[in-house]
Amino acid sequence: MTKLIIDGKEIDVPAEYTLLQACEAAGAEIPRFCYHERLSIAGNCRMCLVEVKGGPKPVASCAWGVRDCRPGPKGEPPEISTRSPMVKKAREGVMEFLLINHPLDCPICDQGGECDLQDQAMGYGVDTSRFAENKRAVEDKYLGALVKTSMNRCIQCTRCVRFSAEVCGVPEMGATGRGEDMEITTYLEQALSSELQGNLVDICPVGALTSKPYAFAARPWELGKTQSVDVMDGVGSAIRVDTRGREVMRILPRINEAVNEEWISDKTRHIVDGLRTQRLDRPYIRENGKLRATSWPEAFAAIAAKAGRIDGRRIGAVAGDLAAVEEMFALKELLAKCGSANLAVQGGDAFDPRAGRASYIFNPTIAGIEQADALLIIGSNPRKEAAVLNARIRKRWRTGQLKVGVIGARADLTYDYDYLGAGTDSLGELAGGKHSFANVLKEAAKPIVLVGAGAFARHDGAAVLALAAKIAADLGAFKDGWNGFAVLQDTASRVGALDIGLAPGPGGLNLAQMTTYGTLDVLFLLGADEVKVPDGTFVVYVGTHGDRGAHRADVILPGAAYTEKSGLYVNTEGRVQIANRAAFPPGEAREDWAIIRALSDVLGKRLPYDSLPALRQAISKSAPHLMRVDQVEPGKAEDVKALAASGGKIDKTPFTTTIEDFYLTNPIARASAVMAECSRLASGKMLTAAE
C-alpha cells in the first residue's frame, strides 16, 4: 500500500492504482470521458486533470500511476489536489475545447438526459466560449441496423474503438486522420458484426452513437423502469426494462459482476419490437383445418372434451425455451394429477435430474472463468450460445493465463484456441490422453471442461455427457473448492425445469418418444416452438406468439411474455433470478401459470393454489433452493463422477452447432423486424466472406 494525501486527506491505496482510482477511493469526484474501468487507458480527453504538488502543470489522473508520484523533500507522502484553482481552470479549458466543435443539438439528441457531456458541462464548464470560427462537420457513418451515428457530436474519446477491439474481439472500428481531421469510423464502411455492438451506445459518453431502433422514441424521464433478467439465452443477464404505459420501449443492462458485468447481447437489447408484433391476444380453436377466435370457456371445454376421456398416459407436455419455473411446475403438477409422467423440456433429453444438480449446471460459475487457466470446449460455440459469457472467456484469455482447446465445429470465437478435432473420435482420443491438450488440462490449477448444446442435444447426448464428465474427472477438474465440469445451457428455462424434475418419470416418455407418431393423444406445448409434432396428436399451445407451435396447435391459449409476468428463472450456473413484471399482456392473454390453474378446474384436477405466493410456496417445498434468489446452490463433484461412470454408446458423427442464426432463436426474436434485419446483414457478411 502507498500513502497519498488527497485534498488534505491521508489515504492508503495499492501501488498499482491510477491517480483517478486513488482520488475516487478518497471520495473525490473526477470527471472523465475517455476512461472506462473495463477498457484500456487512452488518456486522450484530459478531463480528469488533477494537480500534483511540486509539478509544473496538471496531470491526467487516469494515465498517471500512484507509484509514479514522488514523495516530498522530507519524505512526506505525495500531495494531490482535485479542487485547486489550477485544476478548476484546466478543466474549464478542456471543456471549452470539447465544446468548440460540438453541435448544440441537445433538444433533438437521443442522449439528452443521459449524457455525460451535458452533466459535466454543467458541473465543470463555463457559460461562454472564446471560439468564433465555424464548427467542423463530419459525415455520419453506417454501422449497421443497431447503432445510429451522429459524428458531429463525437469527441474522439475512442471508447468505442477500444470496446470493439478488447471486449468484442472484433476490431472493426478505428480512427483516421489527425488533429481536427480525426474521425472515428469502421473499416470499409461496413456493418458491425459483433453480437455485443449495442453496448457501444451505453459506453459512448456523448450522442455520437445512439440506438437506431429506439431513435426519437422517448425521453428517459417519461419511462417507468423495472429491474428484471434476460431470457434470450442461458446466462440470465441483469437488465432494466423501460416502459411507457403498456408498451416496452427499450431494454438496458444492469451491473451484475457475477453474471454479465455491464454488457448485454444485441438480441437481449433489441428484441423489443418482437414483444409487440405477431402476439396471441385471444384463445383460438382449430375447426375444419382453420383457426378461429373463441372465448376462454369454449377453449377449455374443447381441451376437456379431448383430454377428459383418454388414458392419462396418452397425455404429454413439453416446456419451451422461455418458460418460467412457476408455469412449468404447475403443468407438471397437472399432468401428475392426470396420471402422466410424459414430461420434457426442449433440448433436455440428455439430462436426468436424479443424477444431481452438478450434472447439468455450469459448476465453475460464470465469474469463475476468470480464475481458470485451461478450458476445453466440447460441441459448443459460446459466441452464439452465450455471447456475454464468451466475452468473459475472452477477458480471461487476454491476460495470457488461459489456454483454450475446442472439439467441434470450427468458428471465430474472438480468441485463439487449439483445434483438437470435429467429433467424438477426438473426444475419445483426449480421454485416452493421446492429445497434448490432455497434459494442459492435467497441469492446470483450475481447468474447465465446457459441454455445449452441440454435444448434449444429440440422440446420444447422455453418453457424450458421460464421456465429458469422465475427461473432467480423469484430467483433474475436481479439486478442493473447484468443480471444473461446466454445462453451458443455451436456454433460460432448462436448468429450472430440471431443478423441479420436469423430465420423464418412471414409465414416462422423453421428447423424442412423445413426438413419435401414435404415442400420444394430447400434447401440451408450453411455449415450445422447436418441436415437430406428428399428425394425429391433439396439440394445446400455451404461448405468446403466432410462431411454429401456434401453427400446429388445435387449441391456442395466449400467455404472457417474460416482461409481462413475475417469474423465477435459473441461469446456466444454477443462479436463481426473478424477472419482474414491467408491462401487462395484450388483450385476453393471461399469465401462463394462471391459465394452467384455470384449466385444472375444468379438467376436474384442481391445483391447490390460487395466487403466485401460494404457488411459490408449493415450489419451495419441492425445491427449497429455488427460493434463495440470486444465489447458486452448488453441485456435488461426486454426482459428476457418478455421471462419468454411466457410460453409453456414442456415434462417430461430428458435433454441429445448434444455433445457425444467432438472431432468430426464439418466437420473440423471430417476430422482431430488427432481429430479421440483423440476421440478413449477418448472412450477407458470411456470403461475402465465402466469395
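Looking across the range 578-618, the residues that are of a type in the set (Phe, Trp, Tyr) and either surrounded by fewer than 16 Cβ atoms within 10 Å (Cβ to Cβ) or closer than 30 Å to Gly224 by Cα (or both) come down to Phe584, Trp593. Scanning the range 596-608 for residues that are touching a residue at least 60 places away in the same chain (Cβ under 8 Å) and either within 28 Å of Thr268 (Cβ to Cβ) or not in a helix (DSSP H, G or I) (or both) yields a total of 5. Just wondering, is there one or more residues in the range 380-399 that are out of contact with any Cys (no Cβ under 9 Å at 6 or more places or on another chain) and either assigned to a strand (DSSP E or B) or of a type in the set (Ser, Thr, Tyr) (or both)? Yes, because at least one residue in the range 380-399 is out of contact with any Cys (no Cβ under 9 Å at 6 or more places or on another chain) and either assigned to a strand (DSSP E or B) or of a type in the set (Ser, Thr, Tyr) (or both). Would you check if Val206 is hydrophobic (A, V, I, L, M, F, W, C), open to solvent by less than 20 Å² (accessible area, probe 1.4 Å) and touching a Leu at 6+ places or on another chain (Cβ under 8 Å)? When the stated conditions are applied, Val206 passes them.
Residues in the range 93-107 that are assigned to a helix (DSSP H, G or I) and either without any contact (Cβ under 8 Å) to a residue 12 or more places away in the chain or touching a Ser or Thr at 6+ places or on another chain (Cβ under 9 Å) (or both) were compared, and the one that is most open to solvent (accessible area, probe 1.4 Å) is Phe97.
Determine which member of the set Ala341, Ala336, Ala317, Ala323 is of a type outside the set (Asp, Glu), over 20 Å from Leu615 (Cα atoms) and either surrounded by 15 or more Cβ atoms within 10 Å (Cβ to Cβ) or modelled with pLDDT of 90 or more (or both).
Only one candidate qualifies: Ala341.
Evaluated against (1) under 23 Å from Val674 (Cα atoms); (2) without any contact (Cβ under 8 Å) to a residue 24 or more places away in the chain; (3) touching a Gly at 6+ places or on another chain (Cβ under 7 Å), Met173 falls short on exactly one condition, (3). Has the range 536-545 got at least one residue that is under 17 Å from Phe456 (Cβ atoms) and at pLDDT 90 or above? No, there is no match, as no residue in the range 536-545 is under 17 Å from Phe456 (Cβ atoms) and at pLDDT 90 or above.
For (1) touching a strand residue (DSSP E or B) at 6+ places or on another chain (Cβ under 9 Å); (2) surrounded by 14 or more Cβ atoms within 10 Å (Cβ to Cβ); (3) more than 16 Å from Ala472 (Cβ to Cβ), each residue gets a yes or a no:
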site	(1), (2), (3)
Arg394	no, yes, yes
Trp397	yes, yes, yes
Gly400	no, no, yes
Ile407	yes, yes, no
Ala411	no, yes, yes
Tyr417	yes, yes, yes
Ala422	yes, yes, yes
Ala431	no, yes, no
Lys434	no, no, yes
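The set of residues in the range 619-665 being under 27 Å from Asn256 (Cα atoms), in a loop (DSSP other than H, G, I, E, B) and open to solvent by 60 Å² or more (accessible area, probe 1.4 Å) consists of Arg628, Val629, Asp630, Gln631, Glu633, Pro634, Lys636. Strands (runs of 3 or more DSSP E) fully within the range 1-74 that include at least 3 residues being open to solvent by 60 Å² or more (accessible area, probe 1.4 Å): 9-13. Taking into account only those residues within the range 536-580 that are of a type in the set (Ser, Thr, Tyr) and touching a Ser or Thr at 6+ places or on another chain (Cβ under 8 Å), which is nearest to Arg628 (Cα to Cα)? Among those residues, the one meeting the criterion is Tyr569. Of all residues in the range 108-120, those satisfying the criterion of being farther than 13 Å from Leu209 by Cβ and either open to solvent by 30 Å² or more (accessible area, probe 1.4 Å) or more than 32 Å from the chain's Cα centre (by Cα) (or both) are Ile108, Gly113, Gln118, Asp119. Counting only helices (runs of 4 or more DSSP H) that sit completely within the range 116-216, those holding 2 or more residues that are polar (S, T, N, Q) correspond to 116-124.
For the range 171-191, the tally of residues that are of a type in the set (A, V, I, L, M, F, W, C) and open to solvent by 20 Å² or more (accessible area, probe 1.4 Å) stands at 3. Of everything in the range 445-460 that's modelled with pLDDT of 90 or more and open to solvent by 10 Å² or more (accessible area, probe 1.4 Å), which residue is farthest from Asn510 (Cα to Cα)? Top of the filtered list is Ala445.
The values are calculated or read from the model by the stated rules, or taken from the named source; none is laboratory data. All values reported here derive from a predicted model rather than from experimental measurement. Here the Cβ is made from the backbone with ideal geometry for all residues, glycine too, and neighbour counts use every protein chain on show. Side chains are part of the model used for accessible areas, which takes the heavy atoms of the whole protein and leaves out ligands, DNA and RNA. Shrake-Rupley method; radii C 1.70, N 1.55, O 1.52, S 1.80 Å.
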